[in-house]
Amino acid sequence: NYGPDAIVSGARPRYVRMAWPDWGIDEEQLKAAFTDRTKVLILNTPNNPTGKIFTRDELRVVADLCADHDVVAVTDEIYEHIVFEGAKHVSLATVGDMAERTITINGLSKTYSATGWRVGWAIAPRTLASAMRRTHDFLTVGAPHPLQIATVAALNLPESYYRELARAYQEKRDAFVRGLQAAGLDCRPPAGAYYVMADFSAFPFPDDWAFAMYLVERLRVAVVPGSSFYGNPKDGQRFVRFMFSKKDETLREAVSRVQGLRDVR
């Protein structure tokens with residue numbers, strides 16, 4: 001919701017598209033998005049919906065542009081522990097001098113499966129943090145005290161918890177992606193997070209909404225239309241987003257139902 005949030009705040013978002021199939025960013029397009037009026041860059045890594053994990057080299061390009069244009073970076077790193085095959089999450093604040101101009105956002109929702117709690121935190125330079133605290137006081141005052149105590153307990157879990165979390169999600173990812181591919185969808189195993197962007201252009205549907213409605217009405221599988229993730233909705237009309245943060249039996253049933261696509265072509 002960062003785009004709508006920016007608009008509500010009076011800002012004008014400029015989107016930089018991530019390119020299928022590896023979801024990389026074109027450096028020249030990124031540079032072109034910066035102007036003398038740019039105030040904030042927003043980055044999500046590991047990324048929802050693509051699963052892209054930005055490397056240190058990629059983040060160095062971002063850092064240099066932020067420094068050159070005196071821009072503050074806001075990074076959403078809520079999937080930092082859901083990474084696969086030995087991939088490493090790199091926080092933008094650890095690149096060069098970016099700690100001085102980065103607001104790092106995280107929370108309980110994904111790593112600790114507590115999406116309904118809506119408890120999170122931000123790490124920022126002192127001057128920015130002071131302004132954020134004043135604003136937060138007017139918005140929510142603070143998180144409920146019992147949830148704060150639970151947060152402390154969660155953050156003190158041993159490293160083995162995070163290893164098992166990544167292992168379990170990787171097993172779900174691998175089985176789920178195989179099932180989607182068997183149904184004829186073009187998709188790649190994500191490097192992080194728990195979503196799969198699938199290209200359905202091999203099937204005779206006019207756009208992502210039509211395909212999503214077919215899945216939910218005929219096959220009883222819910223997805224998110226890809227266009228909802230793009231600044232220009234037309235760029236996402238050949239994609240839908242699946243999610244695999246479900247029980248194994250639920251995922252197996254979803255994969256079984258999606259095989260019904262074989263009868264469409």
For the chain, take the longest principal axis of its alpha carbons; what is the angle in degrees between that and the long axis of helix 56-68, to the nearest 10 within 0 to 90? 40 degrees
Using only the Cα atoms of the stretch 1-76, build the gyration tensor, take square roots of its eigenvalues as a ≥ b ≥ c, and label the shape rounded, prolate or oblate: rounded if a/c is under 1.5, else prolate if a/b is larger than b/c, else oblate. oblate
Would you mind checking which residues have amide H under 5 Å from Val119's amide H? H placed 1.01 Å from N; only 5 or more apart, or other chain. Leu108, Ser109
Mean residue ellipticity at 222 nm from the helices of the chain, using -39,500 (n - 2.57) per DSSP H segment of n ≥ 4 over the full residue count, to the nearest 500 deg cm²/dmol? -11000 deg cm²/dmol
In what sequence, highest mean first, do 171-179, 41-49 appear when ranked by Cβ atoms within 10 angstrom? 41-49, 171-179
If you place +1 on the Cβ of every Lys and Arg and -1 on the Cβ of every Asp and Glu, how big does the dipole about the Cα centre of the stretch 2-155 come out, in debye to the nearest 20? 540 debye
Taking the Cα centre of the chain as origin, work out the dipole magnitude from +1 charges on Lys and Arg Cβ and -1 charges on Asp and Glu Cβ, in debye rounded to 20. 640 debye
Using alpha carbon centroids, what distance separates the stretch 176-249 and the stretch 66-144, in Å? 28 Å
Among Asp207, Asp70, which comes first, second and so on when ranked by fewest other beta-carbon atoms within 10 Å? Asp70, Asp207
Ordered by fewest other Cβ atoms within 10 Å, a rough proxy for footprinting exposure, Asp57, Asp26 read Asp57, Asp26
Using θ = phi - 60° and the Karplus form 6.51 cos²θ - 1.76 cosθ + 1.60, what ³J(HN,Hα) does each residue of the stretch 34-48 get, whole Hz, x for Gly and Pro? 7, 9, 6, 9, 5, 10, 9, 10, 10, 9, 10, 8, x, 9, 9
Using the Karplus curve 6.51 cos²θ - 1.76 cosθ + 1.60 with θ = phi - 60°, work out ³J(HN,Hα) for each residue of the stretch 136-143 in order, rounded to whole Hz, and write x for Gly and Pro. 4, 4, 6, 7, 9, 6, x, 6
Given (1) 32, 24, 18; (2) 33, 25, 13; (3) 27, 25, 18, the label whose value is semi-axes √(5λ) of the Cα gyration tensor in Å derived from this model: (1)
Which cross-chain or sequence-distant (5 or more) residues have an amide H under 5 Å from the amide H of Asn44, H modelled 1.01 Å from N in plane? Asp76
Explain nothing, just compute: Karplus ³J(HN,Hα) = 6.51 cos²θ - 1.76 cosθ + 1.60, θ = phi - 60°, for every residue of the stretch 244-257 in order, whole Hz, x for Gly and Pro. 10, 8, 10, 4, 4, 5, 5, 5, 4, 5, 4, 4, 4, 5
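We did not get these values from a lab; they are worked out from the coordinates using the rules stated. Quantities reported herein were computed from a predicted structural model and do not represent experimental measurements. Here Cβ is always computed from backbone atoms with ideal geometry, including for glycine, and neighbour counts include all displayed protein chains.
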